[in-house]
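Below is a structure I'd like to ask you about.
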Amino acid sequence: MKNNSNEFIKAAIKLSREGSESNKGGPFGCIVVKDGKIVGKGSNQVTSSNDPTAHAEIVAIRDACSNLDSFQLDGCEIYTSCEPCPMCLGAIYWARPSKVYYANTRNQAADAGFDDAFIYDEINVAPSSRKIEMIHIPDSEALQIFKDWVSKPDKIDY
């Protein structure tokens, strides 16, 4: 198969411009590709949908999973206009594509006013010391549900 990486990254960049110019959200776009075909698209829709999780990568992953009728992106590649933020990086790892290509870096995003460095920093801080207070409430029923899951014979691993 011919390498279409430049064509696909340009498609993600085009989505970032379209989303930004239409005021759907920030200047971010993403596509998901499988077997040389685009199977998912997304642009940032945070402000238009009032959804802080509606980043381009999340929107594209949801679109691709819906189109592929799968909760994972095995054999897929993600092309995004910018290095994924921590939330999107987590979603990408859960979706399990084979590769991610990106145009702008997190430092370039920071220069444009999108600085995720504080989130990267918070990940390594103990939950009790984070900037948003996190309080552990141990509960035996919650733990029992995990134990039940481990022994559930018909569970679908993911």
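The values are calculated or read from the model by the stated rules, or taken from the named source; none is laboratory data. The structure displayed is predicted, hence computed values, not measured ones. Here the Cβ positions follow ideal geometry from the backbone for every residue, glycine too, while neighbour counts run over all protein chains shown. Surface areas here come from the heavy atoms of the whole protein model, side chains and all, with no ligands, DNA or RNA. Shrake-Rupley method; radii C 1.70, N 1.55, O 1.52, S 1.80 Å.
Which whole-Hz ³J(HN,Hα) couplings does the stretch 27-38 yield from phi under the Karplus relation 6.51 cos²θ - 1.76 cosθ + 1.60, θ = phi - 60°, glycine and proline marked x?
Whole-Hz 3J(HN,Hα) from phi for the stretch 27-38: x, 9, x, 7, 10, 10, 10, 9, 6, x, 10, 6.
Here's something else I'd like to know. Please list, in chain and number order, the residues 5+ apart from Val39 or on another chain whose amide H is under 5 Å from its amide H, with Hs placed from the backbone.
Sorted by chain and number, the residues that satisfy this are Val32, Val33, Lys34.
Spin-label point model (7 Å from Cα, Cβ direction): what's the Asn67 to Ile132 distance in nm?
Reported label-point gap for Asn67 and Ile132 is 3.0 nm.
Pick out, in residue order, every one of the GluC sites (Glu not before Pro) in the stretch 60-158 that is DSSP loop and has at most 13 other C-beta atoms within 10 Å; say none if there are none.
Glu133
Also: What distance in nm lies between label points placed 7 Å from Cα along the C-beta direction at Trp149 and Gln108?
Reported label-point gap for Trp149 and Gln108 is 3.8 nm.
Antiparallel versus total DSSP beta bridges in the stretch 11-158: what percent is that, nearest 5?
Looking only at bridges with both residues in the stretch 11-158, the antiparallel portion is about 70 percent.
Have a look at Cys82, Cys65, Cys30 and tell me which one the Gaussian network model of the chain (Cα, springs below 10 Å) gives the largest fluctuation.
Cys65
On the Cα set of the stretch 77-131, report Rg and Dmax in Å, please.
12.8, 37
Can I ask one more? Using 0.36 nm per residue of separation minus the Cα-Cα distance, give me the extension gain between Val125 and Asp74 in nm, one decimal.
Length difference between fully extended and current span is 15.2 nm.
Quick check: with the 1.4 Å probe, what order do Lys147, Lys155 take by accessible area, largest first?
Lys147, Lys155
Got the relative contact order for the chain handy, in percent, Cα pairs under 8 Å and 6 or more residues apart?
Once normalised by length, the contact order is 16 percent.
Could you name the lysines whose alpha carbon sits less than 22 Å from that of Lys10, not counting residues in the same chain fewer than 8 places away?
In chain and number order, the partners are Lys2, Lys24, Lys34, Lys37, Lys41, Lys99.
Would you mind counting up the charge near Arg130? Only other residues with Cβ under 13 Å from its Cβ, with Lys and Arg at +1 and Asp and Glu at -1.
Result for the neighbourhood of Arg130: -2.
When the chain is modelled as a GNM with alpha-carbon springs shorter than 10 Å, which of Ile78, Ile132, Ile119 fluctuates the most?
Checking each option, the largest mean-square fluctuation is seen for Ile132.
What's the percent breakdown of Cα-Cα distances in the chain across 10 Å bins, shortest bin first?
10, 33, 30, 19, 7, 0
Diagonalise the Cα gyration tensor of the stretch 1-52 and give the resulting equivalent ellipsoid semi-axes, square root of 5 times each eigenvalue, largest first, whole Å.
24, 11, 6
Which residue fluctuates the most in the chain, going by a Gaussian network model with Cα springs under 10 Å, if the choices are Gly113, Gly40, Gly26?
Sorting by GNM fluctuation, first place goes to Gly113.
What residues qualify as long-range amide H neighbours of Tyr101, i.e. H under 5 Å apart, gap of 5 or more or another chain, H built at 1.01 Å from N?
The list, which skips near neighbours in sequence, is Ile78, Tyr79, Thr80.
Report the rotationally averaged projected area of the stretch 95-158 based on its alpha-carbon convex hull, in square nanometres.
Spelled out: convex hull of the Cα atoms, projected over all directions, averaged, 7.7 nm².
Residue-wise, which Karplus ³J(HN,Hα) couplings in Hz belong to the stretch 4-10, taking 6.51 cos²θ - 1.76 cosθ + 1.60, θ = phi - 60°, and x for glycine or proline?
9, 3, 5, 4, 6, 5, 5
What area, in nm² and to one decimal, does the C-alpha convex hull of the stretch 10-94 cast on average over all directions?
Value for the stretch 10-94: 5.0 nm².
Another question about this same structure. What figure in square angstrom, to the nearest 10, would you give for the accessible area of Leu89 with a 1.4 Å probe?
70 Å²
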